[in-house]
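Peer 1: Pasting a structure here, questions to come.
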Amino acid sequence: MLHCTSTLSGKTSSAFPRSVGYSKSCVKATAAKASDTNSDTQQCSTYFTDISTSRRLLISALPLLTLVKDSTVVADEIPAIDEDEEAAFASELAALVPKGASKVFVAGATGQTGRRIVLELRRRQVAVRAGVRDVKKAQSLGLAVSTPGTSAGPVELVNFDVTSDQAALIEAIGDADAIICATGFTPTLQNLGGLKPGAANAVDRLGTINLVAAAKSAGVNQFVLVTSLLTNAVDAGQGDNQNYKVLNAFGGVLDAKHDAELNLRASGLTYTIVRPGGLSNEPPSGELIVSGEDTLFGTDDESGREISRDQVAEICVEALFQGAADNKVIEIVSSPTAPELDRGAWFDI
Ligand SMILES: NC(=O)c1ccc[n+]([C@@H]2O[C@H](COP(=O)([O-])OP(=O)(O)OC[C@H]3O[C@@H](n4cnc5c(N)ncnc54)[C@H](OP(=O)(O)O)[C@@H]3O)[C@@H](O)[C@H]2O)c1
């Protein structure tokens, strides 16, 4: 029986939600008795990567194929696929396969947003390395999932503290080729519930800078960073904005995040910086509003000020799939009165 392997994911086609449709393509290749002379796997892999290339290969192989004894192959049996169909196929496939990521390291995977990012990645069948400070906490949250019949699960839990040295961070990142970072400093008694000046420094400034350096050394392709609205409030003329003043009173967290953003932007890594408004654990109650850098300030005259963590997770993961997300800073909130925003336009800002 034909075994279709995707060169993009390294997994069998059964891992893809639309595998039935793709299998048909592979069966067409088999009908040409390519299996007698060539590798089925190779032929089918080509379908996954580029249907045009596949057709070209098949066509160029025809003279050989017609020499095969008892072959019924004739040129007019090759399925005709028009340009529109090719474009639709390519676009559907692109939506299923992350750009440069076969495995994603989630920093802060036990966090309220982090764990939703893990879930969203798995919904989209992306392998995950979940970076956690406390493995027991992660297990109690149900993050330690394993695949039946295999030793490694789709979610690998790894010890991770963003304040660790480079060697430890590189080890934690492992073979992941993308990172989504949703860490945030924890208010404690020692830092006066987060109000101590500079309390956010170790995690939200130096920690993220540390992780970006490790990502570069580990050969990571993409880095998605969750920060916040108003990280650049002062330069954007919002220094007197009450939201900025109140939020930044927590250990200078917005200033710390802004320094981390600047560092990531200068790092040379492909990045997407996602700045959400106030986070909610409720399911989405409004439509997504995506706006450019320094355009949303959480003021009363703006239509949305909050956003569900579910939507933040979705857009962080989507950034791994859409080239339009590369090297952008986006600001996101949601509003029940906003028009529905097509997923394909999320990063068109
Ligand atoms: N709350 C809001 O309304 C709001 C608004 C805008 C932006 N944000 C930002 O959005 C992001 C996600 O927010 P959230 O509320 O979902 O976060 P959260 O639940 O507080 O989770 C923060 C995560 O960071 C981890 N963490 C803390 N210190 C760490 C360290 N030294 N090394 C590694 N991991 C560390 C925590 O680990 P443990 O589980 O071990 O504690 C936790 O997993 C944060 O950056 C936050 O500042 C929040």
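Peer 1: Go through the range 122-143 and report how many residues are touching a Lys or Arg at 6+ places or on another chain (Cβ under 9 Å), basic (Lys, Arg) and over 18 Å from CYS181 (Cβ atoms).
Peer 2: 0
Peer 1: Looking at the range 223-250, which of the residues that are among the small types (Gly, Ala, Ser) and out of contact with any Phe, Trp or Tyr (no Cβ under 6 Å at 6 or more places or on another chain) is farthest from THR295 (Cα to Cα)?
Peer 2: Looking at the filtered set, the residue picked out is ALA249.
Peer 1: Related question: Look at PHE185 and say whether it is more than 14 Å from the ligand (Cβ to nearest atom) and of a type in the set (Phe, Trp, Tyr).
Peer 2: The answer is no for PHE185.
Peer 1: If you check VAL158 against the conditions, is it modelled with pLDDT under 95 and either farther than 22 Å from THR272 by Cβ or within 10 Å of the ligand (Cβ to nearest atom) (or both)?
Peer 2: It is true that VAL158 is modelled with pLDDT under 95 and either farther than 22 Å from THR272 by Cβ or within 10 Å of the ligand (Cβ to nearest atom) (or both).
Peer 1: Here's something else I'd like to know. Which condition from (1) within 12 Å of the ligand (Cβ to nearest atom); (2) hydrophobic (A, V, I, L, M, F, W, C); (3) under 30 Å from GLU171 (Cα atoms) is the one that ALA215 breaks?
Peer 2: (1)
Peer 1: Taking VAL329, is it in contact with a Cys (Cβ under 9 Å, 6 or more places away or on another chain) and outside any loop (DSSP other than H, G, I, E, B)?
Peer 2: So VAL329 does not fit the description; no.
Peer 1: Write out, first by first residue and then by second, each pair whose Cβ atoms fall under 7 Å of each other, whose residues are 6+ apart or on separate chains, and whose first residue, in the range 97-109, is in contact (Cβ under 8 Å) with a residue 24 or more places away in the chain while the second is among the charged types (D, E, K, R) and surrounded by fewer than 24 Cβ atoms within 10 Å (Cβ to Cβ).
Peer 2: GLY100/ASP177; ALA101/ASP177; SER102/ASP177; LYS103/ARG129; LYS103/ASP175; LYS103/ASP177; PHE105/ARG129; ALA109/ARG115
Peer 1: Then there is this: Given the condition closer than 26 Å to SER102 by Cα, within 18 Å of the chain's Cα centre (by Cα) and either modelled with pLDDT under 95 or of a type in the set (Gly, Ala, Ser) (or both), answer yes or no: does some residue in the range 269-285 qualify?
Peer 2: For the range 269-285, residues closer than 26 Å to SER102 by Cα, within 18 Å of the chain's Cα centre (by Cα) and either modelled with pLDDT under 95 or of a type in the set (Gly, Ala, Ser) (or both): absent.
Peer 1: Sticking with this structure for a sec: Report yes if GLN190 is out of contact with any Pro (no Cβ under 7 Å at 6 or more places or on another chain), surrounded by fewer than 20 Cβ atoms within 10 Å (Cβ to Cβ) and more than 25 Å from ALA324 (Cα to Cα), otherwise no.
Peer 2: So GLN190 fits the description; yes.
Peer 1: Kindly check whether there is at least one residue in the range 195-217 that is aliphatic (A, V, I, L, M), surrounded by fewer than 16 Cβ atoms within 10 Å (Cβ to Cβ), touching a Gly at 6+ places or on another chain (Cβ under 9 Å) and at negative phi.
Peer 2: Yes: one or more hits.
The values are calculated or read from the model by the stated rules, or taken from the named source; none is laboratory data. What you are looking at is a predicted structure, and each value in this text was computed from that prediction instead of being measured. Reconstructed Cβ throughout: ideal geometry from the backbone, glycine too, with neighbour counts over all protein chains shown.
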